[in-house]
Amino acid sequence: MNPPVRPTLTLEAIARDALLHHLDRGDARQALSLALSALAAWLGGPCGLTSLGASGEVRWTEGPSQGHPMPVAGLGRQLGHLWLPAAQPPASLAPLLPTLAALLQREAADAAQVAQPDGHAALLRAALAGSDTFTWEWNLDNDWLGDIDDGLRLLGYAIDEVGHTQDDWDRLIHPDDLAANDLAFQRHAAGETEIYEHTYRARHRNGEWRWMLERGRIVERHPDGRPRRVVGTQVDVTERRATERAATEAVQRLEQIARQVPGMLYMYELRRGAGGSLRYSSERGPAVFGLPQTDVQSDLSAVWTVIPEEDRQQMYRAFLLSARTLCDWTCEFRVRRPDGEWRHLSARATPERVADGLTRWYGYIEDVTERVQLEEARRDAALASAANRAKTEFLSRMSHELRTPLNAVLGFTQLMEIDHADPPSAGQQRRLRLVREAGEHLLTMIGDLLDLTRIESGGMALSFEPVAVHELAAQTLEMMRSAALVAQVQMRLLEGGETLLAHADRTRMRQVLLNLLSNAVKYNRPGGSVTVQVFVAAGGGMVLEVADTGLGIAAPDLPLIFEPFQRGPHAGSSIEGAGIGLSVTRALVSLMQGHVQVHSQPGVGSRFAVSLPRVGAPPPPQSAT
Ligand code: ADP
């Protein structure tokens, strides 16, 4: 799926190819030109070479002579300059420099028509000295291997210790590698390959196997086509192979890690004038974009199709900024999966200017849909809660504002009812009473509303004390007596529980009792009854129970009646009410660390049980340790 990250070209191979070319064609300048273009590919940028004459004057220049000049020296004098893109660290070119120096010198000699005193072989030996490489020449007519002294030394043998025929050399080769070695040569001899190349193991004098890379070319044939002379190089690649194996293992380890990472790791390159390409993406890439396994290509064409235009624009703007200023590229965008599902992805990449005109980003893309959804839910909740706070505040203010004039209305109504100086007529008395009762009802409703908003906004302060609930119930029952009389409902308080004390707020407890009792009377029928009792609950707390033989509540309405403004079947009925009483009751009881339960049967009656913490109750049982 991915293009290779590193080019396979090595500096040793560039040097070898240039030398072979020179051996083959005898043209040093052409060999240098070949080496330069290969080096430009290796560097990823243009490079040039300037040759200096004996007195330091510039003799000729190949390629651009700008950037970073690196001296090329040999045989005790400076031979020229290599021009590199500024970013390239000069030390890393060491394997190539002896070859360049040797070819430069050869080129100078060619130009001056001066014969080298030590000939080709000496020149090449000088060029390859210290690079674990040697040249050889094989004459097939007499099976003579020439110029292999350096090779023998490399393998730890004295020059006369091993014979100089191909047969002698073959005896140093690992038996398992002989056949493949021969096959590579036969294919070259048959014209299938331009260069004969093979890697094999050769035995060092100390018994170790060394890995040798051999490259050669037939340079002379008999008139009937049979090869006559072959020249080539041989290099000890044992260390390089170990390094390569270590590098391969490191890459495999990284791949393994990349596979475990939930998102996609990637490397993207932008080359001035050539556009961008995805040079690496880890295996999970397609899954991140919801694409088939083969669809994350270097040109990203399939990826673009799943990103909406608007998000693409935004990504592109952020990318341009990153390319210009080398700041990190960060971006969140959406993709539409083939099944239509939208996912949110987050991308981050750090850029690096690799060479002039080449920028590379290393980055990570992950699916953040769940996080985005959570943030959206949080934002919605915050908005809803702000709206709720605004509503609560409004209700609270309105209740306050309504109460003041209402108290005035009620006060003057009462004054008129008892005005002895100017007594109202019997009809006026009746109408005044109606005004007062309606006003009182309104005042109760406003009071409940105010309480509800206070509780919701957390502004209701309670003052806890031991409350004798039985006694409080007796007093409250008295307060309800006249309403019960009018409704023809009997009320009674059962004996028991007189000594029980609840840990509660007395005023709020009375309010709870009044709410429950007034409902028990309101939703009753003539001849019905209301029974109140106080007792200890099974768990040790206490219970205040208000039971009636009234209309009852249908099961589907039960969960609703504690919600504000919910009146169940009595919405719009002739029984007065605003649907707030029970919500206030439940909220107050819960503030007092208790809870309310209801059991009801339509046509039979209802039972509301308020559980509260009891003063002096035994502590809850401890679990055994
Ligand atoms: P309101 O009585 O003002 O409507 P509440 O919050 O006190 O408001 O009660 C909500 C609803 O619960 C009532 O409208 C009624 O339908 C039902 N309800 C409450 N108490 C009883 C009861 N004892 N018997 C039957 N229904 C009741």
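The values are calculated or read from the model by the stated rules, or taken from the named source; none is laboratory data. Source: prediction; values computed, not measured. For neighbour counting, all protein chains shown are included, and Cβ atoms are generated from backbone atoms with ideal geometry for every residue, glycine included. With ligands, DNA and RNA removed, areas are computed over all heavy atoms of the protein, side chains included. Shrake-Rupley method; radii C 1.70, N 1.55, O 1.52, S 1.80 Å.
Let's see how each residue does on (1) under 25 Å from Asp448 (Cα atoms); (2) in contact (Cβ under 8 Å) with a residue 24 or more places away in the chain:
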{"site": "Gly550", "(1), (2)": "yes, yes"}
{"site": "Phe565", "(1), (2)": "yes, no"}
{"site": "Glu576", "(1), (2)": "yes, yes"}
{"site": "Ile580", "(1), (2)": "yes, yes"}
{"site": "Leu588", "(1), (2)": "yes, yes"}
{"site": "Gln597", "(1), (2)": "yes, no"}
{"site": "Gly603", "(1), (2)": "no, yes"}
{"site": "Leu612", "(1), (2)": "yes, yes"}
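I need the full set of residues from segment 342-385 which are small (Gly, Ala, Ser) and in a strand (DSSP E or B), in order please.
First, the residues of segment 342-385 that are small (Gly, Ala, Ser): 346-347, 349, 355, 357, 363, 377, 381-382, 384-385.
Residues satisfying the conditions are Ser346, Ala347, Ala349, Ala355, Gly363.
When the residues of segment 525-541 are filtered to those that are closer than 19 Å to Leu588 by Cβ and out of contact with any helix residue (DSSP H, G or I) (no Cβ under 7 Å at 6 or more places or on another chain), the one that is farthest from the ligand (Cβ to nearest atom) is Gly541. Residues in segment 31-46 that are in contact with a helix residue (DSSP H, G or I) (Cβ under 7 Å, 6 or more places away or on another chain) and within 26 Å of Arg217 (Cβ to Cβ): Ala31, Leu32, Leu34, Ala35, Ala38, Leu39, Trp42.
Determine which member of the set Ser457, Ser425, Ser482 is within 60 Å of the chain's Cα centre (by Cα) and either assigned by TED's automatic domain parsing to the domain that holds Arg567 or open to solvent by 30 Å² or more (accessible area, probe 1.4 Å) (or both).
None of the other options fit; the residue is Ser457.
Quick one: in segment 565-575, which of the residues that are out of contact with any Gly (no Cβ under 7 Å at 6 or more places or on another chain) and within 7 Å of the ligand (Cβ to nearest atom) is least open to solvent (accessible area, probe 1.4 Å)? It comes out as Gly568.
Restricting attention to segment 221-242, the residues that are among the acidic types (Asp, Glu) and either open to solvent by less than 80 Å² (accessible area, probe 1.4 Å) or in a loop (DSSP other than H, G, I, E, B) (or both) add up to 2. If the condition is being open to solvent by 70 Å² or more (accessible area, probe 1.4 Å) and touching a residue at least 40 places away in the same chain (Cβ under 8 Å), then segment 342-365 contributes Arg353, Asp356, Tyr362.
Exactly one residue among Arg317, Arg348, Arg337 is modelled with pLDDT of 90 or more, farther than 17 Å from Leu278 by Cα and out of contact with any Pro (no Cβ under 7 Å at 6 or more places or on another chain), and that residue is Arg317. Arg203 fulfils the conditions (1) closer than 25 Å to Leu23 by Cβ; (2) modelled with pLDDT of 90 or more except for a single criterion, (1).
Across segment 576-592, the number of residues qualifying as near the ligand (Cβ under 8 Å from one of its atoms) and either open to solvent by less than 40 Å² (accessible area, probe 1.4 Å) or of a type in the set (A, V, I, L, M, F, W, C) (or both) comes to 9.
For Leu432, indicate whether it is more than 19 Å from His595 (Cα to Cα), in contact (Cβ under 8 Å) with a residue 60 or more places away in the chain and not assigned by TED's automatic domain parsing to the domain that holds Arg567. I'd like the intermediate steps shown before the answer.
Working: more than 19 Å from His595 (Cα to Cα): yes; in contact (Cβ under 8 Å) with a residue 60 or more places away in the chain: no; not assigned by TED's automatic domain parsing to the domain that holds Arg567: yes.
So Leu432 fails the test.
For His470, indicate whether it is buried (at least 16 other Cβ atoms within 10 Å of the Cβ), farther than 30 Å from Arg389 by Cβ and touching a Phe, Trp or Tyr at 6+ places or on another chain (Cβ under 9 Å). Taking the combined requirement at face value, the residue does not satisfy it. For Glu440, are the conditions met, namely being acidic (Asp, Glu), out of contact with any helix residue (DSSP H, G or I) (no Cβ under 8 Å at 6 or more places or on another chain), assigned to a helix (DSSP H, G or I) and open to solvent by 70 Å² or more (accessible area, probe 1.4 Å)? The answer is no for Glu440. Listed by first and then second residue, the pairs linking a residue in segment 505-528 that is closer than 20 Å to Leu612 by Cα and hydrophobic (A, V, I, L, M, F, W, C) to a residue that is in a helix (DSSP H, G or I) and within 11 Å of the ligand (Cβ to nearest atom), with Cβ atoms under 7 Å apart and 6 or more places separating them unless they lie on different chains, are Val512/Thr585; Leu516/Thr585.
The test for being of a type outside the set (Phe, Trp, Tyr) and touching a helix residue (DSSP H, G or I) at 6+ places or on another chain (Cβ under 8 Å) does not hold for Val288.
Looking for something more than 12 Å from the ligand (Cβ to nearest atom), open to solvent by less than 20 Å² (accessible area, probe 1.4 Å) and of a type outside the set (Lys, Arg) - is there at least one such residue anywhere in segment 551-564? No, that holds for no residue.
Of the residues making up segment 499-524, those that are away from the ligand (no atom under 16 Å from the Cβ), in a helix (DSSP H, G or I) and open to solvent by 50 Å² or more (accessible area, probe 1.4 Å) number 2. Entry remark, segment 432-489: residues being of a type in the set (Asp, Glu) and at pLDDT 90 or above number 3 in total. Of all residues in segment 11-35, none satisfies the criterion of being on the phi > 0 side of the Ramachandran plot and either in contact with a Pro (Cβ under 9 Å, 6 or more places away or on another chain) or assigned to a helix (DSSP H, G or I) (or both).
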